[in-house]
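Novice: One structure coming up, written as structure tokens, with questions to follow.
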Amino acid sequence: MGLFDEIKKKLSHEFIDIVEWLDNTNDTIVHRFERYQNEIKNNAKLIVREGQTAVFINEGTLADVFSPGTYDLTTQNLPILATLKGWKYGFDSPFKAEVYFVNTRLFTDEKWGTKNPFMLSDERFGLVEIRAFGTYSFRISDPGKFVVDVVGTDGNFTNYEVNEHLKSLIVTRFTDTVGEANLPVELYAANTSELSETCQEVMQPEFGRVGIELEKFYIENVSMPEELKKEIFEYSRLDKLDMTKLAQFKAAKAMEAAAKNEGGTAGAGMGMGMGFVLAQQMGGMMNTQGQQQGFGAPQQATPPPMPMQVMYHYASNGQQMGPVSIDKLKELFASRAINKDSLVWKQGMPNWAALKDVEELKSFLGGSAPPPLPTA
């Protein structure tokens, strides 16, 4: 740069008497107002627009902070800077100070996510891998603190720069919060709203330490490996289904599939079996019709009433559950909802007893031999 260019630059900046920033970007958070050797004229006008704050820094020390409005830069409007400079009777033009314009609008739809899966311990499935992602919004709540603690001497601090810091903080606090929640793994994806609110409360003090307010925090998805999803679905089905009906349903489907295989021995056998069943049904229908018309054997006596089914109460997590049938109790034992030490009670028992000590329930434990066959 030539001598005349340097003089021209000095003169052009020194006689600027308006300090303002027109933001033509969407990602600038802090912009430093540039002028020759940081010199500002006495009685210069400072224009701070809505959504902005002007921060004056003197030799690395926070001086004055201006909210939206128009100001004449005098000792009356710069009380802290005047104190730092030791001006008692006003100041001469120019004076030196760094001016940073801080964008205080709300920054929305910022993305966050776990780069790598993190581990959680589940009582049923052991260690599992979890991923999560979502969005958040923030604004600068304390411009002076933010400029001093985060921006430093950066002349153009962008949204990208602050997001890199915030994303690391979010992921760290998110994993800590999820780990301490100690929920069943399938409930994280089903309770994202409650988990989002909890995470926001945990993270807000960390954001506030650097002058940032975490306005909103959202968890959009919590994902897990496909194999684990299949295990959870199977577990939920077993916990809800009637095992006896499930076995009957599967047997019926197997019979239907075998019957379709007409060329094989299975199809032939199934066809014969179906024929025998139909023959028995037809024979029963014929006997019924004959009896209704007065032919054949006399009507049989009315059968006795069905015996009453024994119902059991059981204890789970310190609460009384039931009553349930012995078949349902067996399903609960098979799915590990109860165990051999779980307390059970039925009508006629004086007190609650462990499942392993109830005679008719010992068959749940396996290894018991059947009683001898009755003699003729």
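The values are calculated or read from the model by the stated rules, or taken from the named source; none is laboratory data. The model shown is predicted, which means the values in this text are computed figures rather than measured ones. Glycine gets a Cβ as well: all are built from the backbone with ideal geometry, and neighbour counts include every protein chain shown. Side chains are part of the model used for accessible areas, which takes the heavy atoms of the whole protein and leaves out ligands, DNA and RNA. Shrake-Rupley method; radii C 1.70, N 1.55, O 1.52, S 1.80 Å.
Novice: Of all the helices (runs of 4 or more DSSP H) wholly in the stretch 122-198, which have at least 3 residues that are open to solvent by 50 Å² or more (accessible area, probe 1.4 Å) and either under 21 Å from Lys216 (Cα atoms) or at pLDDT below 85 (or both)?
Specialist: Of the helices (runs of 4 or more DSSP H) lying wholly inside the stretch 122-198, those with at least 3 residues that are open to solvent by 50 Å² or more (accessible area, probe 1.4 Å) and either under 21 Å from Lys216 (Cα atoms) or at pLDDT below 85 (or both) span 159-181, 185-190.
Novice: Applying the selection to the stretch 17-37, what residues are in contact with a helix residue (DSSP H, G or I) (Cβ under 7 Å, 6 or more places away or on another chain) and part of a loop (DSSP other than H, G, I, E, B)?
Specialist: Those that are in contact with a helix residue (DSSP H, G or I) (Cβ under 7 Å, 6 or more places away or on another chain) and part of a loop (DSSP other than H, G, I, E, B): Asp27, Arg35.
Novice: Right, another one. Is there a residue in the stretch 92-99 that is under 18 Å from the mean Cα position of the chain (by Cα) and not small (Gly, Ala, Ser)?
Specialist: Within the stretch 92-99 (the criterion being under 18 Å from the mean Cα position of the chain (by Cα) and not small (Gly, Ala, Ser)), the answer is no, since none of the residues qualifies.
Novice: Which of the residues spanning the stretch 38-60 are closer than 23 Å to Val150 by Cα and not β-branched (Val, Ile, Thr)?
Specialist: Filtering the stretch 38-60 down to residues closer than 23 Å to Val150 by Cα leaves 38, 48-60.
The answer is Asn38, Arg49, Glu50, Gly51, Gln52, Ala54, Phe56, Asn58, Glu59, Gly60.
Novice: Restricting attention to strands (runs of 3 or more DSSP E) lying wholly within the stretch 38-81, give those where 2 or more residues are closer than 23 Å to Thr153 by Cα.
Specialist: Per the criteria, 45-48, 52-58, 61-66.
Novice: Hey, another quick one. Could you look through the stretch 199-227, keep only residues that are open to solvent by 40 Å² or more (accessible area, probe 1.4 Å) and in a helix (DSSP H, G or I), and pick out the one that is nearest to Phe125 (Cα to Cα)?
Specialist: Glu227
Novice: Another question about this same structure. Please work out which residue is nearest to Val310 (Cα to Cα), limiting yourself to the stretch 329-360 and to residues that are basic (Lys, Arg) and either touching a Leu at 6+ places or on another chain (Cβ under 7 Å) or modelled with pLDDT under 90 (or both).
Specialist: Applying the filter and picking the extreme gives Lys330.
Novice: Right, here's the next one. Which ones in the stretch 101-121 are farther than 14 Å from Val178 by Cβ and outside any strand (DSSP E or B)?
Specialist: Across the stretch 101-121, the qualifying residues are Thr104, Arg105, Leu106, Lys115, Asn116.
Novice: Follow-up question, since we're still on this one. Go through the stretch 310-354 residue by residue and tally those that are among the charged types (D, E, K, R) and outside any loop (DSSP other than H, G, I, E, B).
Specialist: Applying the first criterion (among the charged types (D, E, K, R)) to the stretch 310-354 yields 327-328, 330-331, 336, 340-341, 346.
Going one step further and asking which of them are outside any loop (DSSP other than H, G, I, E, B), we end up with 327-328, 330-331, 346.
Here the count works out to 5.
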